[in-house]
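See structure below.
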Amino acid sequence: MKPIKEKFGGRLAVIWAMAGSAIGLGNIWRFPYLVGQNGGAAFILIYMAAVVVLALPIFLAESVIGRRSGCDTFGAMNKLAPGSKWKWLGLLTVITPMILLSYYSVVGGWSVEYFFKACCFSFDGNTQGLFARFISSTWAPIITHTLFIAATAAIILLGVKKGIELFTKITMPLLLVLILFLAVYSVLLPGAGKGVEYLVKPDFSKVTADVVATAMGQAFFSLSLGVGTILTYASYVSKKENLMISAGGTAFFDLLFALLAGMVVMPAVFAAGIRPGEGPGLVFDTLPYIFGQMHSVAGGIVALLFFLAILVAALTSSISLLEVGVAFLVQRRHGLTRQKATILLAILTWLAGILCSLSFGPLAHVTILGKTFFDLFDSLCSNWLMPLGGLLFTLFAGWKMSKADVRDELTNGGSCNRTIFGVAYFLIRYVAPVGIVVVFLTNLFL
Ligand code: PHE
């Protein structure tokens, strides 16, 4: 196995890169529409609980495995549990991010399109059906999907420090400023108060088992868990860094972004008198309409900033997905060069993504198990492969690795976090695995 030479340069770089992976379409596109579909503030509270008791322990488990081994997912399993069946977990978590990237990049492509549209100030009050027409056409979404994958590959080609670290270090603080500005703008719109109320006044009568399972699934997706991304990034973290701080910092920023995205979308939706339960089209369909209604330069600029934010957030996540497979191919004994590995995987995910893109148009009638390619890939990843990966990572860190090794990683040889280690270990060993099994059972029977 070739040793990893590149490391992230310092605590902030680690947090920006990990937060860059976590903060993405899951926060700005998915979270607001899930909040809208699942009853507002009550969903948000359950989601927050899921982040703390379920997602954070998995995050720590992946961090421990990644930094302890210093390897890609497959290499990590071979190093920490040589000759065992755990290598299949390593392989699973090389494949899952590729499947995920293939449809994630299609939605990334939609944000490219909307960003270009916003650059041309082409949203007027008459945006009805625009989104449906765009995604169901053949070529336009394939072209934007291609652009998105190409941009992802270009950043990965530059390497861990000059690509991932530099890109996330520049864009993440910018994103924070953008989203803060947009949230303030949206909250100040006339009639926005109802939207804010919707986000802060919980109504628990709408909470069902399905809502709880959706919140848990979203916590997984949003924190990039169960697909080896955090493990791979943690392998680039130096021994000096405090893994609990990088995990806590990432979870904090990820939650902050989700809440701020909610603050951007919901007040605007309510101000325009639109119902929040619109579903996946909420951001792409409703917001351009709202911005267009403003009929002003300000509306146009806000639209531009909003779609820029989505695009950048999506890119900092997609690079982390591609990096998992690239790290795997590069670190094998006769591994490929970074260039070859990146190009090969980018082409494979691009091809699979074309199927996903066409499943809104010419291939809409082609279904497997009643699902189009896009829906199949999405439900396979979100409902099954990510929870499975997360479960196995916690079992690996909690039961396969020795407690002394886990303590050593989480406390940096006993020099920090000594008092909270016990709680973290308990969550990794018992609480998170049980929580994930509950998600599985709910997905199976509901
Ligand atoms: N967390 C990313 C988002 O919220 C998606 C993602 C999942 C990225 C898994 C990497 C790994 O959009």
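Might you tell me the accessible area per residue for region 307-446, computed with a 1.4 Å probe and given in Å²? Numbers along the way, then the final one.
On the way: 6130 Å² over 140 residues.
Each residue of region 307-446 exposes 44 Å² on average to a 1.4 Å probe.
Calculated FRET efficiency, Arg332 and Glu278, Cβ-Cβ r, R0 45 Å, to nearest 0.05? Before the final figure, lay out each step's value.
Values: r = 46 Å, r/R0 = 1.01.
Between Arg332 and Glu278 the formula returns 0.50.
Return the lysines within reach of Lys7: Cα separation strictly under 26 angstrom, same-chain partners fewer than 8 residues apart disregarded; answer none if there are no such residues.
Answer for Lys7, where 26 Å is the Cα cut-off: Lys79, Lys87, Lys161, Lys162, Lys169, Lys239, Lys240, Lys340, Lys403, listed by chain and number.
Just check the chain against the gyration tensor rule for me: Cα atoms, a ≥ b ≥ c as the square roots of the eigenvalues, rounded for a/c under 1.5, and otherwise prolate or oblate depending on whether a/b exceeds b/c. Mind showing how you got there, number by number?
Values: a/c = 1.65, a/b = 1.39, b/c = 1.18.
Here the chain falls in the prolate category.
For a test of the definition: using alpha carbon positions, the gyration tensor, and the 1.5 limit on a/c, classify region 278-319 as rounded, prolate or oblate.
It is oblate, given that a/c is not under 1.5 and a/b is not larger than b/c.
Hey, if we sort His334, His145, His365 by accessible area with the 1.4 Å probe, largest down, what's the order?
Working: His334 170, His145 0, His365 140 Å².
Largest to smallest exposure gives the sequence His334, His365, His145.
Want the number for Gln128 to Lys403: 0.36 nm per residue separation, take away the alpha-carbon distance, what's left? All intermediate terms of the calculation are to be shown ahead of the outcome.
Numbers: separation 275, 0.36 × 275 = 99.00 nm, distance 5.73 nm.
Going from the current span to full extension adds 93.3 nm.
Lys/Arg Cβ at +1, Asp/Glu Cβ at -1, dipole of region 11-445 taken about the Cα centre: which of Val439, Phe167, Ala209 is farthest positive-ward?
Of the options given, the answer is Phe167.
Run lengths n ≥ 4 of DSSP H only: what is the helix-derived mean residue ellipticity at 222 nm for the chain, with -39500 (n - 2.57) per run over all residues, to the nearest 500? Walk me through the numbers before you get to the answer.
Details: 21 runs with 300 residues, N = 446.
About -22000 deg cm²/dmol.
When only Cα pairs under 8 Å and 6 or more residues apart are kept, what is the percent relative contact order across the chain?
Numbers: 758 pairs, mean separation 157.3, N = 446.
Reported as a whole number, the value is 35 percent.
Just to confirm, what accessible area per residue do you get for region 1-147 at 1.4 Å probe, in whole Å²?
Heavy-atom SASA per residue in region 1-147 reads 34 Å².
Quick one: if the Förster radius is 22 Å, what FRET efficiency do Val196 and Ile143 give, using the C-beta to C-beta distance and rounding to 0.05?
Details: r = 38 Å, r/R0 = 1.74.
The pair Val196/Ile143 has a calculated efficiency of 0.05.
Classify region 332-446: rounded, prolate or oblate, from the alpha-carbon gyration tensor (a ≥ b ≥ c, eigenvalue square roots; a/c under 1.5 rounded; otherwise prolate if a/b is larger than b/c)?
Numbers: a/c = 3.79, a/b = 1.59, b/c = 2.39.
Note, shape of region 332-446 comes out oblate.
List the residues of region 339-369 whose backbone N lies under 11 Å from a point placed 7 Å from the Cα of Ser136 along the Cα-to-Cβ direction.
360-362, 364
Comparing Asn38, Asn383, Asn417, which has the greatest mean-square fluctuation in the GNM of the chain with Cα pairs linked when under 10 Å apart?
Taking springs between Cα atoms under 10 Å, the residue moving most is Asn417.
So between Ile343 and Leu446, what do we pick up on full extension, going 0.36 nm a residue minus the alpha carbon distance?
Values: separation 103, 0.36 × 103 = 37.08 nm, distance 4.02 nm.
Extra length available between Ile343 and Leu446 comes to 33.1 nm.
In whole angstrom, how far apart do the alpha carbon centroids of region 197-263 and region 24-75 sit?
Measuring centre to centre over Cα atoms gives 3 Å.
Mind listing the phi-derived Karplus ³J(HN,Hα) values for region 430-439, rounded to whole Hz, using 6.51, -1.76 and 1.60 with θ = phi - 60°, and x for any glycine or proline?
10, 5, 4, x, 5, x, 5, 4, 4, 4
Among Ile23, Ile245, Ile319, which one shows the biggest mean-square fluctuation in a GNM of the chain, springs joining Cα atoms closer than 10 Å?
Ranking Ile23, Ile245, Ile319 by mean-square fluctuation puts Ile245 first.
The values are calculated or read from the model by the stated rules, or taken from the named source; none is laboratory data. Predicted model only: the values in this text are computed from it and were never measured. As a convention, Cβ positions derive from the backbone with ideal geometry for all residues, glycine included, and neighbour counts pool all protein chains shown. The protein model used for the area step is the full one, side chains on, heavy atoms only, and it has no ligands, DNA or RNA in it. Shrake-Rupley method; radii C 1.70, N 1.55, O 1.52, S 1.80 Å.
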